[in-house]
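Notes follow the structure.
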Ligand code: DQA
C-alpha cells in the first residue's frame, strides 16, 4: 500500500463549469472522489490538493516527500507551460510522477505544446478528459509495482 498524491493547478477548481466542451462536465470533487476510490481498490491511499497558486503547489510537493508519498499525479494546468519552480520541486523531491491533461494540449495553441514537466515524468497522458486521471493512476500503480 502506497500513499499517492493528486495535484491540480490553477482553474481546475472550476471543472464542470469551465469550458465544458474542452474539459468535460465532471467537477474536480467528482474526479477526486472517484480517483480515491479507484486508488483504494488498487491498495493505495490517495490524497488530493488543488491550488491556483504556484508557491502553494511547490509547498505541497515538498510536503509530499516528508509524508512518505510514493508517487504523484499532476495536472499543473497553465503552470505546466511556465513553471520552472514546479519542475524544480518535483525534481527536488525525486518522486515519480505522471503528468496529465484533460484536453489534448498538442491539438491546441502552440504555447500549450511546451511542458516544463514532461521530460522528467514517468509518462504523460493527454486528451482523454477526466478518464485521463484513471489512466494516470493505473500507470503510476504499475510503475510502483515494478520497482
Ligand atoms: C490543462 C491544459 C492547460 O493548457 C490549461 O492551461 C489547463 C488545463 C488540461 O488539463 O487540459 O488549465 O492542463
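Bear in mind these aren't lab numbers, they're just calculated from the coordinates by the rules spelled out. Keep in mind that what you see is a predicted model, and the values were worked out from it rather than measured. A quick note on method: Cβ atoms are made from the backbone with ideal geometry, for glycine too, and the neighbour counts reach across all protein chains shown.
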- Note on the structure: (1) at positive phi; (2) surrounded by fewer than 17 Cβ atoms within 10 Å (Cβ to Cβ) all hold for residue 52 apart from (1)
- Query: List the pairs whose first member sits in the stretch 97-116 and is more than 11 Å from residue 22 (Cβ to Cβ) and in contact (Cβ under 8 Å) with a residue 12 or more places away in the chain, whose second member is assigned to a loop (DSSP other than H, G, I, E, B) and near the ligand (Cβ under 10 Å from one of its atoms), and whose Cβ atoms are under 7 Å apart, counting only residues at least 6 apart or on separate chains?
  - Reply: 99/115; 106/113
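Going by what's in this entry, would residue 41 be described as more than 11 Å from the chain's Cα centre (by Cα) and loosely packed, with under 13 Cβ neighbours inside 10 Å?
yes
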- Query: Restricting the search to the stretch 111-144, which residues are over 21 Å from residue 30 (Cα atoms), within 12 Å of the chain's Cα centre (by Cα) and part of a helix (DSSP H, G or I)?
  - Reply: 118
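Just to be sure before I move on: is residue 76 under 19 Å from residue 136 (Cα atoms) and buried (at least 20 other Cβ atoms within 10 Å of the Cβ) in the structure I sent?
yes
Conditions tested, residue by residue: (1) touching a strand residue (DSSP E or B) at 6+ places or on another chain (Cβ under 6 Å); (2) within 16 Å of the ligand (Cβ to nearest atom); (3) closer than 13 Å to residue 7 by Cα.
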{"residue": "41", "(1), (2), (3)": "no, no, no"}
{"residue": "77", "(1), (2), (3)": "no, yes, yes"}
{"residue": "127", "(1), (2), (3)": "no, yes, no"}
{"residue": "146", "(1), (2), (3)": "no, no, no"}
- Query: For the stretch 1-13, which residues satisfy the criterion of being within 9 Å of the ligand (Cβ to nearest atom) and either in a helix (DSSP H, G or I) or farther than 16 Å from residue 57 by Cβ (or both)?
  - Reply: 12
- Message: So if I check each of 61, 84, which one is more than 15 Å from the ligand (Cβ to nearest atom), farther than 17 Å from residue 11 by Cβ and buried (at least 21 other Cβ atoms within 10 Å of the Cβ)?
- Response: 61
- Identify, by number, the condition in (1) in a loop (DSSP other than H, G, I, E, B); (2) surrounded by 16 or more Cβ atoms within 10 Å (Cβ to Cβ) that residue 147 doesn't meet. (2)
- Take the residues of the stretch 15-29 that are assigned to a helix (DSSP H, G or I) and surrounded by 14 or more Cβ atoms within 10 Å (Cβ to Cβ): which is farthest from the ligand (Cβ to nearest atom)? 28
